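The values are calculated or read from the model by the stated rules, or taken from the named source; none is laboratory data. Remember, it's a predicted structure, so these values are computed and weren't measured experimentally. FYI the Cβ positions are ideal-geometry reconstructions off the backbone, even for glycines, and counts take in every protein chain you see. Just the protein is used for accessible areas: all its heavy atoms, side chains included, with ligands, DNA and RNA removed. Shrake-Rupley method; radii C 1.70, N 1.55, O 1.52, S 1.80 Å.
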Amino acid sequence: MIPKEIPFQGSLVLGLDCSGESFSVAVVRQGQALAERGGYSPRSHLRRLFPDLKGCLEEIGASFKEVGAVAVTVGPGSFTGLRLGVVTARTIAQVTGCALVGVNTLEALAQAHWGCPCLLAGLDARRGEIFAAFFDTSSGQLRRLAPDAAYTPQQLVERAQELNCRLAVGSGPWRYRQELGAVPDLLLAPLQDAQVRAAQVGVLGEEAWRAGRSVDYLHLEPRYLRSAEVQLGHK
Amino acid sequence: MYIAHPPFKPRYILGLESSCDETSVAILADGERVLANLISSQIPLHSRYGGVVPEVACRAHLEVLNPLLAEALERAQIGFHDLEAVAVTCGPGLVGAVLLGVAVAKTLAGTLDIPLIGVNHMEGHLFSALLEDRCLPLPLLCLLVSGGHTLLCLVERWGEYRVLGSTRDDAAGEAFDKVSKALGLGYPGGPKIQELAQKGDPQAVRFSRPMLNEGFDFSFSGLKTAVLLHLQSPQRVSDPDLCASFQEAVVDVLATKALRAARQFGVKSLALAGGVAANKALRQRLAAGAQRLNLPFVCPQLDLCTDNAVMIAKAGWELASRGWVSPLTLDAKPNLELARSPEAGA
C-alpha cells in the first residue's frame, strides 16, 4: 500500500475536452490515466465539467494542489464547448499557478490510432462541413500530412483519395460515412472511438509541458477555424 | 439552483457578470464597500450590427474574463485566497455568454473551496437598490427596466419576489433600441434618444399609451410601430420632437403603472433599476410620484444602472447571508425567471 504521505507533488496533469457533443476529463501521470470521467452530454457540459474534474481528483485522493499542469483541447471543435474548456483551464492555471497547455483536438483524436500511414481525423463542424486534418502515425510519432481545415464532404472525399487515406476517425467521418464510402480501402473507426478522450489530451499535454511548451493563462486561445461573421451568415 | 447552507457574511465576495454585452468583475467588502468594479463593454463591437451578436459577444467575453479577474484583485489589493465567496449571473441572458461567467465562478469556488452563489441577473438589478439604502422598508415595489426585460416586481421579503406584470412583447429598452435604429442613431438607443429628446417637445406628437389603465402588463411593440409609421407620414416632426414624444409615452406608461401598483399594494418603498433606469425623465417622474405618495424612492447611481458585477456581488452577499448557496453543478439558464419559492431555500 502506498503511504499517504507520498504526494503527487505537482506531477498530475489534468486533461479536459469539451470540443464536441461528448465531454471528458481525466487525471494523467507519466503517460498513464489515473482517472477519467465524461460521456455523451450535448446539453450538460457546463453542469458536469467541473464536478467531474473534482471527482477525478478525489477518486485518487488528490487535490488541485498536486496538479502540475492542465491541458485542454483548443480546437477545432464546437465554439461554445471550446470556450468552456479554455476558460475553465485558464482559470485553474490562474488560481493555482499550474502550467497550462493547449492541445489540438484533431491530434488528440489521431493519437489514439498508431500504425497508420494516412489517417483522417475529423469533427462534425455543422453547416455541412467537417473540420479535419490528415496524419501519418506509422512511425509511432504523430506526423502531420495536412493542416486543420474546414472541408465539405465532397472536398474531404477528394483529399482522402489523393492522400490514399486508410483510416478515418471522429464525429465528422462518422456523420458523412456514406460519402466517405467512395474512398477505396478506407476503414472507418467505430462510433465509440469517434470522441476525443481527455486521457489522450492529458498525455499529449504532459509531453508538451515536459518539453517546455506551456503557455501563460492570458495567451491560451481557442482555434475557431471560422470567423464569427461566417458563423452568423453576415458574410 | 440552491442548496441548504448555514447563513454567512463573506468578508470579500467576488461578482461576475457576462450575460449580455458587458463583461464585469467586481469585489465587494462586507457587502457594501466596492473595492473593484471593472466593466469591459462590447458596445463598439456590436454597434456595426445594430444589436448584440451572440457569437461576437461570447468571443469577446472569453478574451477579457481572466485579465479582468487579475485586475480586480489588484485593484482591491487582495489575493485569490482572501476571497470568501463568489457570485455569478446564471441567467437570464445569452446562453453561451452566461456559461463563461458560470464556468469561471465554479472553477474559482472549486479550486479555492469557497461557496458559489448563482444570481438571477434581474435580481442583481433589484439588489443594486440596496447599495443606495440598506434599510429600505418592505414591502418594496421595484420597476425593473432593461433592454431585455420590463418587470413590475413586489418584494415582500428579500429573496422572494412576486412579478405583478411584465411586457407582452418588446421590453422598454428594446423599443428605445429599435426606434434609435430606425432614426439611424445607432446602438444602444437609450442614451441617444434621451440626448435628442432633451432638445425636443414631448407634446409634439401624442402617441397612444398602450394598456395604460389595464392591469400591470406592458406592451411597447405597438408604440414602436406607431413611431415607425410616423416616420413615413407627411406630418413628420423633427427628430428631437419625435424622440421627446416617444420617450414621454414610454415614461408615462412605466411610471403610471408603477405608481398605481404602489398604491394598490400599499408598499412602503419604491425602487427603479435596470439599464433604462439611467433615463433621467423616468427617474424624475418616479421620484416625483414617490414623493406624492410619501414613499422613500431609490435608484442606483448612473454607472450601476447598466449591467455590472457589483450588483451581482451585492445580491450574492445578501443571498449568502440568508443561507442561499449554489452547488458546483450550477447551470446557465438563458430563460431564468425572477421568482423563487420560499421553501427552496435553507
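Here are a few things to note about the model shown:
- Test: residue in segment B:252-270 that is closer than 18 Å to B:V155 by Cβ, in contact with a Lys or Arg (Cβ under 7 Å, 6 or more places away or on another chain) and surrounded by 22 or more Cβ atoms within 10 Å (Cβ to Cβ): no
- Restricted to segment A:76-158, the set of strands (runs of 3 or more DSSP E) holding at least 2 residues that are under 13 Å from A:P173 (Cα atoms), charged (D, E, K, R) and under 13 Å from the mean Cα position of the chain (by Cα) is empty.
- Enumeration of residues in segment A:142-192 that are exposed (fewer than 15 other Cβ atoms within 10 Å of the Cβ) and charged (D, E, K, R): A:R143, A:R144, A:E158, A:E162, A:R177, A:D185
Yes/no per residue for (1) closer than 18 Å to B:A87 by Cα; (2) under 21 Å from the mean Cα position of the chain (by Cα):
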site	(1), (2)
B:I39	yes, yes
B:P54	no, yes
B:A60	no, yes
B:L69	yes, no
B:E74	no, no
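- Among residues of segment B:313-340 being open to solvent by less than 30 Å² (accessible area, probe 1.4 Å), outside any helix (DSSP H, G or I) and among the hydrophobic types (A, V, I, L, M, F, W, C), the one that is nearest to the other protein chains (Cβ to nearest Cβ) is B:A332.
- When the residues of segment B:135-147 are filtered to those that are touching an Asp or Glu at 6+ places or on another chain (Cβ under 7 Å) and over 14 Å from B:A278 (Cβ atoms), the one that is surrounded by the most Cβ atoms within 10 Å (Cβ to Cβ) is B:P139.
So that you can scan it fast, the table gives a plain yes or no per residue for (1) in contact with a Cys (Cβ under 8 Å, 6 or more places away or on another chain); (2) open to solvent by less than 70 Å² (accessible area, probe 1.4 Å); (3) not assigned by TED's automatic domain parsing to the domain that holds B:V52:
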| site | (1), (2), (3) |
| --- | --- |
| B:D169 | no, yes, yes |
| B:A172 | no, yes, yes |
| B:A175 | no, yes, yes |
| B:A182 | no, yes, yes |
| B:K192 | no, no, yes |
| B:A197 | yes, yes, yes |
| B:F207 | no, yes, yes |
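- Residue match in segment B:194-210 (condition: within 19 Å of the chain's Cα centre (by Cα) and under 27 Å from B:L302 (Cα atoms)): yes
- Looking only at segment B:38-74, and only at residues there that are polar (S, T, N, Q) and surrounded by fewer than 19 Cβ atoms within 10 Å (Cβ to Cβ), the one that is farthest from the other protein chains (Cβ to nearest Cβ): B:S41
- Residue ID - farthest from A:G39 (Cα to Cα), chosen from residues in segment A:192-209 that are small (G, A, S) and part of a helix (DSSP H, G or I): A:A208
- Being farther than 30 Å from B:D113 by Cα, β-branched (V, I, T) and open to solvent by less than 20 Å² (accessible area, probe 1.4 Å) is a property that B:V310 lacks.
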